[in-house]
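All remarks here apply to the structure that follows.
The values are calculated or read from the model by the stated rules, or taken from the named source; none is laboratory data. Here the structure is a predicted model, which is why all the values come from computation and not from measurement. Don't worry about glycine lacking a Cβ; one is built from the backbone with ideal geometry, like all the others, and counts go over all protein chains shown.
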Amino acid sequence: MPSPSPAALAERCGPVELLLVDVDGVLTDGVIAVDDRGVETKHFHVKDGSAISLWRRAGKRAAGDAPTARPDAFGATGSHNG
């Protein structure tokens, strides 16, 4: 299936005001890296961050349900734990 044109995509997304995403396992690749001090970090895909950045530049809001991740790392405007 071919990708929609930018104009068609903008029209389809026009009514959407808030992008709310589950972060763990959706915006991450499932890897939990633990450093030598026991600090856990998660891997985010650069394409997800770029897409959210473009979304926000279009004047839209984004938030993530992120009990263990930092939503500000990918430009979200808020988070909900739980």
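Some notes on this structure:
- Taken together, Val21, Val31, Val46 contain a single residue that is exposed (fewer than 10 other Cβ atoms within 10 Å of the Cβ) and touching a residue at least 12 places away in the same chain (Cβ under 8 Å), which is Val31.
- Among the residues of the range 1-47, those that are farther than 19 Å from Ala63 by Cβ, acidic (Asp, Glu) and not in a helix (DSSP H, G or I) comprise Asp29, Asp35, Asp36, Glu40.
- Residue count for the range 49-82, restricted to those that are modelled with pLDDT of 65 or more and surrounded by 14 or more Cβ atoms within 10 Å (Cβ to Cβ): 11
- Subset of the range 1-37 (residues that are under 25 Å from Asp65 (Cβ atoms) and among the small types (Gly, Ala, Ser)): Gly14, Gly25, Gly30, Ala33
- Condition check for Asp36 on (1) more than 19 Å from the chain's Cα centre (by Cα); (2) of a type outside the set (A, V, I, L, M, F, W, C); (3) surrounded by 11 or more Cβ atoms within 10 Å (Cβ to Cβ): one failure, at (3).
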